[in-house]
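A short worksheet on the structure shown next.
The values are calculated or read from the model by the stated rules, or taken from the named source; none is laboratory data. Since the structure is predicted, the reported quantities are computational estimates derived from the model, not experimental observations. Every residue, glycine among them, receives a Cβ derived from its backbone with ideal geometry; neighbour counts consider all protein chains shown. These accessible areas exclude ligands, DNA and RNA; they are computed on the full protein's heavy atoms, side chains included. Shrake-Rupley method; radii C 1.70, N 1.55, O 1.52, S 1.80 Å.
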Amino acid sequence: MNDDLSGRTTRDGIRIYEPGHYAGMARAGALAAQILDEVADLVVPGQTTGAIDDFIRNRVEEAGAKSATIGYKGYQHASCISVNHVVCHGIPGEKKLKDGDILNIDVTVIVDGWFGDTSRMYVAGKLSRKTERLIQVTHDALMKGIEAVKPGNTFGDIGHAIQSYVEAQRMSVVRDFCGHGLGLVFHAPPNVLHYGRPGTGPVLEEGMFFTIEPMVNLGRPETKVLADDWTAVTRDKSLSAQFEHSVGVTSDGVEIFTLSPAGKFHPTYPV
């Protein structure tokens with residue numbers, strides 16, 4: 001593990017990592033993305049979310065890595081799997097996927113102490129036009145947020161890029177959950193909001209590592225957490241989608257640590 005913590009923290013509590021730390025994040029991100037590539041073939045009608053999670057758990061172990069979520073605040077699974085109107089933190093179980101279900105699978109691995117955190121959308125069976133548009137808008141919103149990442153911009157610029165795009169498509173951005181700093185820890189400052197005003201919030205600097213992970217609803221933005229204290233759903237039961245990358249601010253832009261090795265980050269690749 002690279003535990004060199006030389007460097008500094010901004011007045012907002014945001015850790016500034018060193019140039020040599022990007023490689024560690026890239027290794028962790030690549031493993032998480034590779035596992036999500038491999039999961040794609042399992043997402044079919046009749047499959048259980050528990051079986052998908054078992055596969056992910058085994059792959060993490062085979063890679064000699066650790067799951068960041070197993071044991072985190074009592075959570076006992078290697079992924080969160082959020083189906084249809086579940087916004088995030090869906091718990092894998094015996095529920096069988098039905099034709100047309102959409103689901104977000106979120107995986108975080110630890111490789112040599114570095115945390116790789118990413119999620120993407122999948123479709124079981126045939127994709128309806130309505131859900132295809134939701135997934136496309138959510139994917140594009142993430143990428144517009146990432147395009148706003150460069151030194152001198154602010155976290156408000158990221159949020160504004162996402163919010164303005166999503167709302168122009170007559171969809172809504174979830175406010176109750178956000179992205180976060182990471183690196184040698186799972187969650188750290190800053191909170192990365194997916195809405196906001198340009199020029200507000202902390203200024204982006206080279207060496208900042210964080211996730212951008214917008215959740216977009218077809219209906220209203222409000223959510224509620226179920227009695228299991230994990231599963232968050234849309235209050236109006238509208239469909240929800242999410243994509244997540246881990247990124248690092250570079251001297252002139254951004255490095256995405258969790259790119260799909262097989263080009264499968266977006267679910268409409270040829271099957």
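Close amide H partners of Lys66, meaning residues 5 or more places away or on another chain with modelled amide H under 5 Å apart, are Ile110.
The dipole here belongs to the chain: it is taken about the Cα centre, uses +1 on the Cβ of Lys and Arg and -1 on the Cβ of Asp and Glu, and is about 900 debye. Taking label positions 7 Å along the Cα-Cβ direction at both Glu61 and Glu205, the computed distance is 4.2 nm, reported to one decimal. Taken over the alpha carbons of the stretch 1-79 as equal point scatterers, the Debye sum produces base-10 log I(q)/I(0) values at 0.13, 0.16, 0.21, 0.25 Å⁻¹ of -0.57, -0.77, -1.02, -1.18. What would the Debye equation give as log₁₀ I(q)/I(0) for the chain at q = 0.09 Å⁻¹, counting only Cα atoms as equal point scatterers? The Debye formula, applied to the Cα set alone, gives -0.37. Within the stretch 62-147, the GluC sites (Glu not before Pro) that combine a DSSP coil assignment with at most 12 other C-beta atoms in a 10 angstrom radius are Glu94. Taking every C-alpha pair closer than 8 Å and separated by at least 6 residues, the mean separation divided by the residue count of the chain gives a relative contact order of 23 percent.
Diffusion of the stretch 12-137 by Stokes-Einstein, at 4 °C in a medium of 1.567 mPa s and with Rh set to the Kirkwood radius over alpha-carbon pairs, works out to 84 µm²/s. For the chain, with all protein chains present and a 1.4 Å probe, just round the carbon and sulfur fraction of the accessible area to a whole percent. Answer for the chain is 51 percent, counting heavy atoms of protein chains only. Under 25 °C and 0.890 mPa s, how fast does the stretch 26-65 diffuse according to Stokes-Einstein, given a Kirkwood radius computed over C-alpha pairs? Answer in µm²/s, whole number. The Stokes-Einstein estimate is 231 µm²/s. Contact order, relative form, for the stretch 1-134: 28 percent (alpha carbon pairs under 8 Å, 6 or more residues apart, mean separation divided by residue count). Eigenvalues of the alpha-carbon gyration tensor of the stretch 63-183, scaled by 5 and square-rooted, set the equivalent ellipsoid semi-axes at 25, 23, 12 angstrom, largest first. The order of Val225, Val39 by accessible area, most exposed first and with a 1.4 Å probe, is Val225, Val39. Taking every alpha-carbon pair within the stretch 182-271, the share separated by more than 18 Å comes to 62 percent.
Sparse packing (at most 16 other Cβ atoms within 10 Å of the Cβ) combined with a DSSP loop state is found for the following trypsin sites (Lys or Arg not before Pro) in the stretch 95-186: Lys95, Lys98, Lys126, Arg170, Arg175. Accessible surface for the stretch 64-131, divided over its residues, is 39 Å² per residue with a 1.4 Å probe.
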